[in-house]
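Here is the structure we will look at.
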Amino acid sequence: MHYVIVDKDTCIACGACGCAAPDIFGYDEDGTSHVLLDDNQGTKEIPEAQIDDVIDACEGCPTESIKMSGTPFNGDPAKEE
Ligand code: F3S
């Protein structure tokens with residue numbers, strides 16, 4: 001589990017992920033979240049020091065919009081599903 005992406009279709013802009021992992025998640029103008037590492041493409045590996053925070057964010061997202069994988073998403077949140 002070293003790559004992360006936000007599914008913009010299901011994110012409800014609750015804001016929890018940015019609190020759990022402020023170095024990883026930023027917000028668009030509409031409040032929905034994106035991964036700062038790679039413009040939400042899920043292609044850049046999460047830095048080791050941030051992984052626990054990202055897992056917390058993933059578990060805390062009410063809509064399960066944060067996807068993690070051991071392989072890159074290449075911009076597609078549904079890749080693992
Ligand atoms: Fe969206 Fe989930 Fe974050 S709803 S703002 S991805 S905690």
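The values are calculated or read from the model by the stated rules, or taken from the named source; none is laboratory data. None of the values given here were measured: they were computed from a predicted structure. Every residue, glycine as well, gets a Cβ built from its backbone with ideal geometry; the counts of neighbours run over all protein chains shown.
Quick rundown of the values:
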| read-out | value |
| --- | --- |
| Residue ID - farthest from Ala78 (Cα to Cα), chosen from residues in region 1-27 that are within 10 Å of the ligand (Cβ to nearest atom) and of a type in the set (D, E, K, R) | Lys8 |
| Scope region 1-17; condition within 23 Å of Thr71 (Cα to Cα), surrounded by 16 or more Cβ atoms within 10 Å (Cβ to Cβ) and not charged (D, E, K, R); matching residues | Tyr3, Val4, Ile5, Val6, Cys11, Cys17 |
| Scope region 18-35; condition part of a loop (DSSP other than H, G, I, E, B) and buried (at least 16 other Cβ atoms within 10 Å of the Cβ); matching residues | Ala21, Ile24, Thr32 |
| Unmet criterion (only one of (1) more than 8 Å from the ligand (Cβ to nearest atom); (2) part of a loop (DSSP other than H, G, I, E, B)) for Met68 | (2) |
| Residue list for region 1-54, filter: at pLDDT below 95 and in contact with an Asp or Glu (Cβ under 9 Å, 6 or more places away or on another chain) | His2 |
| Residues satisfying the stated conditions in region 57-77, i.e. within 14 Å of Thr32 (Cα to Cα) and more than 11 Å from the chain's Cα centre (by Cα) | Pro62, Thr63 |
| Where Ala78 falls short, out of the listed (1) away from the ligand (no atom under 12 Å from the Cβ); (2) assigned to a helix (DSSP H, G or I); (3) surrounded by 21 or more Cβ atoms within 10 Å (Cβ to Cβ) | (3) |
| In region 51-65, the residues that are surrounded by fewer than 17 Cβ atoms within 10 Å (Cβ to Cβ) and not in a loop (DSSP other than H, G, I, E, B) | Asp52, Asp56, Glu59, Gly60 |
| Region 28-57 residues that are closer than 20 Å to Pro72 by Cβ and in contact (Cβ under 8 Å) with a residue 12 or more places away in the chain, paired with ones that are within 12 Å of the ligand (Cβ to nearest atom) and of a type in the set (D, E, K, R) (beta carbon under 7 Å, 6 or more apart) | His34/Asp28 |
| Matching residues in region 33-43 - criterion: being more than 16 Å from Gly60 (Cβ to Cβ) and either near the ligand (Cβ under 9 Å from one of its atoms) or in contact with a strand residue (DSSP E or B) (Cβ under 6 Å, 6 or more places away or on another chain) (or both) | His34, Leu36, Asn40, Gly42 |
